[in-house]
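Colleague: One structure follows; several queries about it will come next.
No value in this document is a laboratory result; all are computed from the given coordinates. None of the values given here were measured: they were computed from a predicted structure. Methodologically, a virtual Cβ is constructed for each residue, glycine included, from the backbone with ideal geometry; neighbour enumeration extends over all protein chains shown.
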Amino acid sequence: MNAKKIFAKAYLWLVLIVLYAPIAFIVIFSFTEAKSLGNWTGFSTQLYQNLFSGSMQNSSGLLAAVKNTLLIALAASIVATILGTVAAIGIHHLHGRKKQTMTFLNNIPMINPDIITGVSLFLLFVFLGISQGYLTVILAHITFCTPYVVLNVMPKLRQLNPNIYEAALDLGATPAQALRKVLVPALRPGMISGFILSFTMSLDDFAVTFFTRGTIGLDTLSTYIYADARKGGLTPELKPLMSIIFLIILIVLLVINIRQSKQQTDKP
Amino acid sequence: MNKRSSWALPYFIFLVLFVVLPLMMILLYALQDGSGHFTLYNITKFFTDKDALSTFALSIEVAIENTLLCILIGYPAAYILADNKLNRSAVTVVLFILPMWINALMRTLATAELFTMAGVPLGKGTLLFGMCYDYLPFMIYPIYNQLKKMDKSYAEAAQDLGATPGQVFRKVTLPLSMPGVWSGVMMVFMPTVSTFAISEFLTNNKIKLFGTIIQENINNSMWNYGAALSLIMLVIIGLTTLLQGGEQAEETSGGLI
Amino acid sequence: MAADKDIIIRLEHISKSFGDKKVLDDISLYVKRGEFITFLGPSGCGKTTTLRLIAGFGKPDEGRVIMEGKDISDVPPYQRKLNTVFQRYALFPHLDVYDNVAFGLKLQKVPEEQIEKRVKKVLKLVSMSDYEDRDVESLSGGQQQRVAIARALINQPRVLLLDEPLAALDLKMRKDMQIELKEMHKKLGITFIYVTHDQEEALTLSDTIVVMNEGKIQQIGTPTDIYNEPVNAFVADFIGDSNILKGRMMRDRRVAFIKHEFDCVDEGFGEDVPVDVVVRPEDIYFTTDPTKCQFKAKVNSCTFKGVHYEMWVDTDTGYELMIQDYDPYEVGSEVMLYIDPDDIQVMKKERRANTYAAKVTGEGKVRFLDTEFACDTTGFEEGDEAVATIRFEKVDLLDHEEEADLTGNVVFILYMGNHYHLTVKTETGENIWVDTNDIWDKGDFVGIKILPKDIQLSKPAAGNE
């Protein structure tokens with residue numbers, strides 16, 4: 001191994017250590033009972049027990065926030081995946097100006113910072129007199145998730161043999177059958193990564209939810225943490241919760257990526 | 001054939017309703033007073049409001065510094081990750097992208113606590129560090145993608161024509177990776193200007209960024225002024241997008257997983 | 001014309017446009033039951049569009065597609081009794097070989113054991129029996145091709161459509177597959193409609209060839225007909241190597257070209273009429289007998305081509321001809337040549353000059369080809385309709401736009417022995433034919449200039465409106 005390689009590896013690991021320090025910090029301090037972060041009072045799984053038994057202060061608030069976060073993410077990413085896939089197929093078959101317009105419009109939510117998406121939707125809902133709650137948050141999440149589904153499905157469409165849909169018709173499939181049996185399976189990898197991306201972005205969102213949740217006291221994990229932190233004391237059980245979420249995401253991503261790189265190397 | 005192009009229609013309507021129309025709303029509210037009359041007051045208010053102006057200047061400054069910092073740290077990392085000789089593991093790449101999927105607020109809170117524990121006073125230094133920490137993956141990923149898909153024969157052709165490794169990098173690799181850098185800039189610069197919660201946590205509310213004043217105005221029902229501030233931000237987004245040509249965004253940020 | 005019961009597919013006056021571009025212009029043809037028919041032409045000639053209309057992917061703007069006596073123009077593809085082998089195969093990437101082939105039968109809800117039997121049978125037919133469980137993306141091009149054929153055949157179509165099925169294969173594989181396709185056609189006894197741009201492939205495989213160009217049928221005939229008796233310069237040039245030359249029919253069975261007179265077998269052109277003449281390079285013979293010699297030439301190049309030698313000779317009258325012979329002649333040597341009357345193919349000239357409907361727009365000004373030209377308008381009033389005639393050699397091509405009257409792209413090049421005959425398509429889609437000594441490439445963007453003195457105006461022929 002030459003010096004260049006050692007230096008490169010060292011650099012990567014240094015950056016990784018810095019990147020993961022705060023996450024490791026949360027994980028480590030999830031195994032102690034202390035109320036505040038950074039205060040080690042001996043190893044304990046008490047916080048995990050509290051989390052799972054629900055025996056903590058304001059437990060209903062945190063559990064509701066977790067439930068809301070998951071429900072919103074699920075609803076938004078399912079709708080975004082369907083809407084985005086149908087849209088991608090449409091855009092793929094557009095030409096010239098129309099295609100450019102759609103691509104441009106599709107880029108706007110990705111370029112817009114969260115706060116602009118949030119404020120603009122907030123103003124729309126206010127203007128139209130729509131009372132804000134679950135539905136507006138889900139709509140807002142669909143808005144920023146769908147472009148990523150489109151983006152993940154488009155390359156699959158480009159790779160697709162342009163005749164594949166016609167081949168199905170030629171063999172006797174009706175348009176609906178051709179869609180179900182050929183097009184959707186061929187696009188599935190793109191749809192799945194679009195879905196996962198949507199789901200995680202929805203989970204992580206703070207700003208858009210913050211502006212579109214209205215005043216009915218709807219909290220997601222992010223807004224709950226924000227409110228909690230503003231009050232001063234962070235609910236200690238957030239630490240084990242975050243550790244668990246981190247672990248799940250780590251596993252899911254690693255599995256997906258390892259599977260993908262395996263598939264790529266398998267191909268001749 | 002034409003039938004399938006009409007599948008874009010539902011999404012087109014959706015985009016008009018929930019993307020274009022809301023942006024119009026920002027314009028509409030920015031140019032109105034509280035009772036719905038047309039006015040430029042909100043815009044002029046910003047340009048005469050010393051606090052808002054200095055916050056704006058500070059936000060831009062922090063965003064520029066943060067973006068440069070991300071490039072400085074992120075580019076070498078992306079370069080090493082994309083080089084087959086230096087890194088062969090796909091897992092390492094995943095590890096670099098992974099933090100993007102962890103709740104940013106939670107990570108930021110942890111960073112702030114980490115500083116407090118280490119006895120570092122919260123202020124501009126911790127703000128910059130924390131921001132860079134938050135946005136670094138967004139810089140690394142598009143650059144990595146761009147470098148990865150680059151045809152190796154360009155570099156080989158340059159070597160063949162007598163370029164030293166340093167010259168190959170300066171004259172071939174770097175220029176060809178610029179679209180990735182631009183995508184990274186887009187994904188780091190604007191979000192930095194507009195963050196609100198993160199800057200509050202990282203500086204213990206000592207430093208406000210532009211996003212925070214927008215949020216405060218909206219939350220205090222000063223919708224028109226809030227909209228005007230958003231409009232100013234939109235103008236900057238438009239300018240930066242024009243600057244980079246707008247097209248690469250699709251290529252490099254696609255398929256994050 | 002064949003009897004109706006022998007005809008499986010008939011196209012009647014089919015026209016089709018995409019946007020402004022007319023891709024098919026009044027196509028009429030019939031396909032006999034059980035024959036191997038090939039649509040041949042350069043890319044963009046409309047051959048694939050024709051095939052797609054037969055398959056049902058798109059409807060003709062005008063005209064009808066008739067299959068077994070029934071108008072199927074409005075029948076969707078999944079209800080037509082024909083199947084297609086697509087360009088680059090279009091195998092379903094998420095299904096293995098077995099499921100790809102079984103796709104059509106599964107849609108028809110054929111019982112599983114019967115599907116299995118038929119899949120096995122058809123895979124055996126294409127020699128892919130051991131590949132049932134393979135992932136289609138792991139197969140080679142030739143193997144994918146076989147699976148695609150099997151998939152199309154399993155529905156037992158009456159007509160198999162093949163859209164450039166061998167284009168993606170390498171030369172050796174292509175030759176092998178050609179033989180197999182031909183055998184398959186014999187064994188199955190169904191109709192094959194084949195699309196290709198490869199003239200050699202068309203000549204090898206087909207019972208009937210339909211040569212197409214720019215959305216029009218140029219010639220329909222057997223491979224030998226088309227090779228030996230091309231009806232126009234395009235067909236002569238597209239099929240095989242040929243010397244295409246300007247000629248003049250002196251009288252019946254006597255034609256002049258390369259400034260010599262020859263006996264030929266063609267009649268009925270009239271006397272002293274300009275024609276085009278095609279002589280295949282293998283039909284020009286060397287001789288040492290001065291009494292047989294019709295003209296002399298000097299060999300200027302000689303290349304070995306595997307079976308024969310290809311030689312270019314300069315005739316004593318200043319023309320360049322291509323000759324193929326089994327024996328080489330030294331470069332620089334003087335040779336004596338003759339051509340058999342049988343081997344001279346005389347074709348009617350499609351046009352002798354460029355003619356356009358024009359409108360006089362003012363004193364010394366005339367408009368045609370969407371462009372205003374200066375020319376002598378003596379005898380015409382402003383607003384008069386006229387016909388503008390420009391000789392081929394009077395059109396100047398420039399490699400830049402400045403000074404040009406209009407611009408266009410070179411779409412077709414014909415070497416006529418001592419000059420090039422070019423077809424240039426203008427921006428508005430009209431053709432200008434040009435004779436030139438300059439070398440241009442197909443696709444070149446050119447400026448077109450016509451001098452006022454070279455535009456001849458005449459009154460439109462009465463009743464020609």
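Colleague: Fully extended, how many nm does the chain gain between C:Thr224 and C:Lys359 (0.36 nm per residue separation, minus their Cα-Cα distance)?
Modeller: 44.0 nm
Colleague: Taking +1 at the Cβ of each Lys and Arg and -1 at the Cβ of each Asp and Glu, which of C:Pro281, C:Thr317, B:Phe38 sits farthest along the dipole of the protein assembly as shown towards its positive end, judged by Cα position relative to the Cα centre?
Modeller: Selected residue: B:Phe38.
Colleague: Enumerate the amide H contacts of C:Asn243 below 5 Å, restricted to partners 5 or more residues apart or on another chain; note that Pro and chain-start residues carry no placed amide H.
Modeller: Amide H neighbours of C:Asn243: C:Val279, C:Arg280.
Colleague: Sequence-distant or interchain residues sharing an amide H contact under 5 Å with C:Ala358, placed H: which?
Modeller: Long-range HN contacts for C:Ala358: C:Ala386, C:Val387, C:Ala388.
Colleague: Quick check: the angle from helix B:210-219's long axis to the longest principal axis of chain B, C-alpha only, nearest 10 degrees?
Modeller: That works out to roughly 40 degrees.
Colleague: Starting from the Cα of B:Leu128, step 7 Å along the direction of its Cβ; do the same at C:Asp454; then give the gap between the two resulting points in nm.
Modeller: The modelled label-to-label distance comes out at 7.1 nm.
Colleague: Let me know the charge dipole size of region C:197-297 about its Cα centre in debye, to the nearest 20, where only the beta-carbon of Lys, Arg (+1) and Asp, Glu (-1) is charged.
Modeller: Magnitude of the dipole: close to 520 debye.
Colleague: Let me ask you something else. With the contact rule set at Cα under 8 Å and sequence spacing of 6 or more, what percent relative contact order holds for region A:1-111?
Modeller: Contact order relative to length: 10 percent.
Colleague: I would also like to ask the following. With label points built 7 Å along Cα→Cβ from the Cα atoms of A:Ile78 and B:Leu40, find their separation and express it in nm.
Modeller: 5.1
Colleague: For chain C, take the longest principal axis of its alpha carbons; what is the angle in degrees between that and the long axis of helix C:141-153, to the nearest 10 within 0 to 90?
Modeller: The two axes meet at around 70 degrees.
Colleague: Still on this model: Relative contact order (percent) for region A:57-235, with alpha-carbon contacts under 8 angstrom and 6 or more residues of separation?
Modeller: 39
Colleague: What does the convex hull of the Cα atoms of the protein assembly as shown come to per residue, in Å³, rounded to a whole number?
Modeller: It comes to 261 Å³ per residue, whole-number rounded.
Colleague: Over chain C, calculate the relative contact order: mean separation of alpha carbon pairs under 8 Å at least 6 apart, over the residue count, as a percent.
Modeller: 11
Colleague: Let me ask another. Considering only DSSP beta bridges with both partners in region C:158-222, what is the antiparallel share in %, to the nearest 5?
Modeller: 50
Colleague: Give me D for chain C in µm² s⁻¹, whole number, from Stokes-Einstein with Rh from the Kirkwood sum over alpha-carbon pairs, 25 °C and 0.890 mPa s.
Modeller: 96
Colleague: When the distances between all Cα atoms of region C:354-458 are binned every 10 Å from zero, what whole-number percent does each bin get?
Modeller: Reading upward from the zero bin: 16, 47, 28, 8, 0.
Colleague: Once you sort the root eigenvalues of the Cα gyration tensor of chain A as a ≥ b ≥ c, which label holds: rounded (a/c under 1.5), prolate (a/b larger than b/c) or oblate (the other case)?
Modeller: Oblate is the answer for chain A, as a/c is 1.5 or above yet b/c matches or exceeds a/b.
Colleague: What is the diffusion coefficient of region C:4-233 in µm²/s, taking the Kirkwood radius over Cα pairs and the Stokes-Einstein relation at 10 °C with a viscosity of 1.306 mPa s?
Modeller: Rounded to a whole number, D works out at 87 µm²/s.
Colleague: So, one more: Helix-only mean residue ellipticity at 222 nm, the protein assembly as shown, DSSP H runs n ≥ 4 weighted -39,500 (n - 2.57), per residue, nearest 500. What is it?
Modeller: Helices in the protein assembly as shown give a 222 nm mean residue ellipticity of -15500 deg cm²/dmol.
Colleague: Can you list the HN-Hα couplings for region B:171-182, worked out from phi with the Karplus curve (6.51, -1.76, 1.60; θ = phi - 60°), rounded to whole Hz and with x for Gly and Pro?
Modeller: Going residue by residue, I get 9, 10, 4, 4, x, 6, 8, 4, x, x, 4, 4 Hz, with x marking Gly and Pro.
Colleague: What are the ³J(HN,Hα) values, in whole Hz, obtained from phi via the Karplus relation 6.51 cos²θ - 1.76 cosθ + 1.60 with θ = phi - 60°, for each residue of region C:15-25 in sequence order, with x given for Gly and Pro?
Modeller: 3J(HN,Hα) across region C:15-25, in whole Hz: 10, 8, 10, 10, x, 7, 8, 7, 9, 10, 10.
Colleague: Quick query: amide H of C:Phe39 versus all other amide H atoms, modeled in the peptide plane; which residues come in under 5 Å with a sequence gap of 5 or more or a different chain?
Modeller: C:Tyr194, C:Val195, C:Thr196, C:Val210
Colleague: With just the Cα atoms defining each centre, how far is region B:57-74 from region C:263-333? Give it in Å.
Modeller: Going from one Cα centre to the other spans 77 Å.
Colleague: Can you grab the distance from the C-alpha centre of region A:6-35 to the C-alpha centre of region B:75-111, Å, no decimals?
Modeller: 12
Colleague: Classify region A:84-202: rounded, prolate or oblate, from the alpha-carbon gyration tensor (a ≥ b ≥ c, eigenvalue square roots; a/c under 1.5 rounded; otherwise prolate if a/b is larger than b/c)?
Modeller: The shape class here is prolate.
Colleague: Could you tell me whether region B:110-257 comes out rounded, prolate or oblate from its Cα gyration tensor? Rule is a ≥ b ≥ c as square roots of the eigenvalues, rounded for a/c under 1.5, then prolate if a/b exceeds b/c, otherwise oblate.
Modeller: Since a/c reaches 1.5 but b/c is at least a/b, the shape of region B:110-257 is classed as oblate.
Colleague: Picking from A:Gly172, A:Val27, A:Val208, whose Cα lies most toward the positive end of the charge dipole for chain A (charges on Cβ: Lys, Arg +1; Asp, Glu -1)?
Modeller: Checked the options; the winner is A:Gly172.
Colleague: Oh, and also: Specify, per residue and in Å³, the volume enclosed by the convex hull of the alpha carbon atoms belonging to region A:122-186.
Modeller: Hull volume over Cα atoms, normalised by residue count, gives 125 Å³.
Colleague: Gain in length, C:Asp384 to C:Tyr415, computed as 0.36 nm per residue apart minus the alpha-carbon separation, to one decimal in nm?
Modeller: Length gained, C:Asp384 through C:Tyr415: 7.4 nm.
Colleague: Kindly list the residues of region C:189-228 that lie in the label zone of C:Glu68, defined by a backbone N under 19 Å from the point 7 Å along the Cα-to-C-beta vector.
Modeller: The answer is C:189-193, whose backbone nitrogens lie closer than 19 Å to the label point.
Colleague: Determine ³J(HN,Hα), in whole Hz, for all residues of region B:226-233 in sequence, where each value follows from phi through the Karplus function 6.51 cos²θ - 1.76 cosθ + 1.60 and θ = phi - 60°; x replaces Gly and Pro.
Modeller: Couplings: x, 5, 4, 5, 4, 4, 4, 4 Hz.
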